[in-house]
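Notes follow the structure.
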Amino acid sequence: MRGCLSAASNPPGIRTSEHLFRGAYMYRGYFENFLQKEDKKIAKLVNEEFKRQDTKLQMIASENYTSKAVMALQGSVLTNKYAEGYPEKRFYQGCEYLDKVEAEAISRLKKMFGAEHANVQPHAGSQANMAIYLSCLNPGDTIMGMDLASGGHLTHGASVSFSGKFFKAVSYGVSEYTNLLDYEAIRNLAKKHKPKLLIAGASAYPRQIDFKKFHDIAKEVGALFMADIAHIAGLIVGKVHPDPVPYCDFIGGTTHKTLRGPRGGFILCKSEWMKKVDSAVFPGIQGGPLMHVVAAKAVAFKEALQPEFREYQKQIVKNAKVIADYLSKNGFNLVTGGTDNHLMLVDLRNKQLTGREAALAMDKAGITANKNRIPFDPLKAFETSGVRLGTPALTTRGMKEDQCLAIAEMIADILNHPTSAKVAAGVRKKVKVLCNKFPVEI
Ligand code: DSN
């Protein structure tokens, strides 16, 4: 028989639903029993990647560790099924169970945010944004979003993205003096360019976003208003970031960052946009939904509706503050002087170090982060003058203020001695001890 899921190659017990939902067994069973036999090369690489995730500190602000149930569902039989359309309105037979899965995911997502309508099918955040644009804009219309170089996102109008190619994109940045969003300057720009859609949201902005101010600007110039909450979705659910829902016509987001679900996207909107948004996702830009991911989203939403999730989000922010405070007090310049959310940007110019050099030195010592441009960065995106640090994944492992203080000391040590093999080895040892104490659960 062909394939690792064939009955003949299944080790006893591995196909029971108990195993399916107990990701630890699924993971171990899968890699030790199925994949090892099926494809040793890929099995080895996946295990190496697991070791990397387990033995290093993951500080890329957009990454996280999902629960075992979320992982198990992504390896489930739901991946076998086409379900083009929406619950009770499919183009294929055999969707009776998947209809219920998707309806449950939609209902949980609406409950989490108190939204009028939700779509759980976007494959990623970029697709969520693309579908929102398709639902309310024509090619050539003006959109106004945050400049990528100031911390915005590719899909908010960058010239290399579809958003900058199909639409007339106007970009706002941050204040040259404070590096904060300057709402008066945004208002003036919006009055000048009269965008059809105003976009709030960022991927490297360490402060809270005032959605009401954005909404008021949009209304003043007759624009529709959307928020891209990909990074801060979990913080919003956890009530540690102001809520955009009352102010937005549309919201685009991802499920895998602070929300701690599977890799994917979602859309929220007012009911008046429901039909247009749904048909922009399918058949507008996507075909069949990834139903194994939709099911995993449903489970992640259930997890996010639990009281512990709020505590988790609070801890993410506390942890980020501890690291930011330590670095600020010890000779590092943080963009905007600190953080209110899950991430911070370290401006490395006073250290005569580029973001690329810093990220490489940190990774060598066991701390994985990404180089990132700072506002008005003189260096290009592959070199950069900054490094972005985030705490969602550390917090999922159970790390709190004490561990984050120790991590901040390690980061400072590496960034002060980026070429020292001795410092790198010393930090790597400390990282291993810490990671052993807070293992990744699979
Ligand atoms: N790549 C994501 C991030 O790291 O923020 C944004 O799409």
In segment 377-411, which residues have a backbone nitrogen under 18 Å from the label point lying 7 Å from V433's Cα in the Cα-to-Cβ direction?
399-411
Just need log10 I(q)/I(0) for segment 85-233 at q = 0.11 Å⁻¹, Debye formula, equal scatterers on the alpha-carbon atoms, no solvent, rounded to two decimals.
-0.48
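Which chymotrypsin sites (Phe, Trp or Tyr not before Pro) in segment 288-388 sit in a loop by DSSP (not H, G, I, E or B) and have at most 10 other Cβ atoms within 10 Å of their own Cβ?
Working: sites: F301, F309, Y312, Y326, F332, F376, F382; in loops: F332, F376, F382.
Of the chymotrypsin sites (Phe, Trp or Tyr not before Pro), the ones in loops of segment 288-388 whose Cβ has at most 10 other Cβ atoms within 10 Å are F382.
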Among A72, V120, F167, whose Cα projects farthest towards the positive end of the dipole of the chain, with charges put on the beta-carbon of Lys, Arg (+1) and Asp, Glu (-1)?
A72
Which value, in debye to the nearest 20, gives the size of the charge dipole of segment 223-297 about its Cα centre, when Lys and Arg are +1 and Asp and Glu are -1 at the Cβ?
240 debye
Order the peptides 83-90, 141-148 from the highest to the lowest mean number of other Cβ atoms within 10 Å of their residues.
141-148, 83-90
17 Å Cα-Cα reach of K51 towards aspartates and glutamates, excluding residues that sit fewer than 8 places from it in its own chain
E32, E63, D363, E441
What distance in nm lies between label points placed 7 Å from Cα along the C-beta direction at E308 and T419?
4.8 nm
To check my understanding: the extent here is largest minus smallest coordinate of the Cα atoms along each principal axis. What are those three numbers for the chain, in Å, largest first?
66, 59, 38
Determine the relative contact order of the chain: mean sequence separation of Cα pairs under 8 Å and six or more apart, normalised by residue count, in whole percent.
20 percent
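What whole-number value in Å² describes the accessible area per residue of segment 101-188 for a 1.4 Å probe? All intermediate terms of the calculation are to be shown ahead of the outcome.
Values: 3580 Å² over 88 residues.
The answer is 41 Å² per residue.
Of the beta bridges DSSP finds with both residues in segment 224-277, what % are antiparallel, to the nearest 5?
On the way: 5 of 8 bridges.
Antiparallel bridges make up about 60 percent of those DSSP assigns within segment 224-277.
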Using R₀ = 45 Å, calculate the FRET efficiency as 1/(1 + (r/R₀)^6) where r is the Cβ-Cβ separation of R349 and V46; round to 0.05.
0.70
Quick check for you: which residues of segment 59-83 have the amide N under 20 Å from the point 7 Å beyond the Cα of E38 toward its beta carbon?
68-82
Pairs K239/K437; K329/K430; K196/K276; K100/K302; K371/K430: which are spaced more than 25 Å apart, C-alpha to C-alpha?
K239/K437
Cross-link table K110/K168; K89/K110; K192/K219; K212/K270; K37/K297, entries beyond 22 Å C-alpha to C-alpha
K110/K168; K37/K297
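Starting from 0.36 nm per residue, how many nanometres of slack lie between E383 and K191 once their C-alpha separation is accounted for?
Details: separation 192, 0.36 × 192 = 69.12 nm, distance 3.52 nm.
Using 0.36 nm per residue and subtracting the Cα-Cα distance, I get 65.6 nm.
Compute, for the chain, the length of the dipole vector about the Cα centre, with Cβ point charges of +1 (Lys, Arg) and -1 (Asp, Glu) only. Units Debye, rounded to 20.
Details: 60 positive and 43 negative charges, 160 e Å.
Charge dipole, the chain, about its Cα centre: 760 debye, nearest 20.
Roughly how many debye, to the nearest 20, is the charge dipole of segment 305-397 about its Cα centre, given +1 on each Lys and Arg Cβ, -1 on each Asp and Glu Cβ, and no other charges? Present the calculation step by step, with values, prior to reporting the outcome.
Working: 14 positive and 9 negative charges, 15 e Å.
Charge dipole, segment 305-397, about its Cα centre: 80 debye, nearest 20.
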Give the residue from N372, A361, N138 lying farthest towards the positive end of the charge dipole for the chain; charges sit on Cβ (+1 for Lys and Arg, -1 for Asp and Glu) and the dipole is referred to the Cα centre.
A361
With labels modelled as points extended 7 Å from the Cα through the Cβ direction, what inter-label distance (nm, one decimal) is found for K89 paired with D210?
4.0 nm
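The values are calculated or read from the model by the stated rules, or taken from the named source; none is laboratory data. Just so you know, these numbers come straight off a predicted model, no measurement behind them. Because the Cβ atoms are built from the backbone with ideal geometry, glycine has one as well, and the counts that use them run over all protein chains shown. Calculation scope for accessible area: heavy atoms of the full protein, side chains included, ligands and nucleic acids excluded. Shrake-Rupley method; radii C 1.70, N 1.55, O 1.52, S 1.80 Å.
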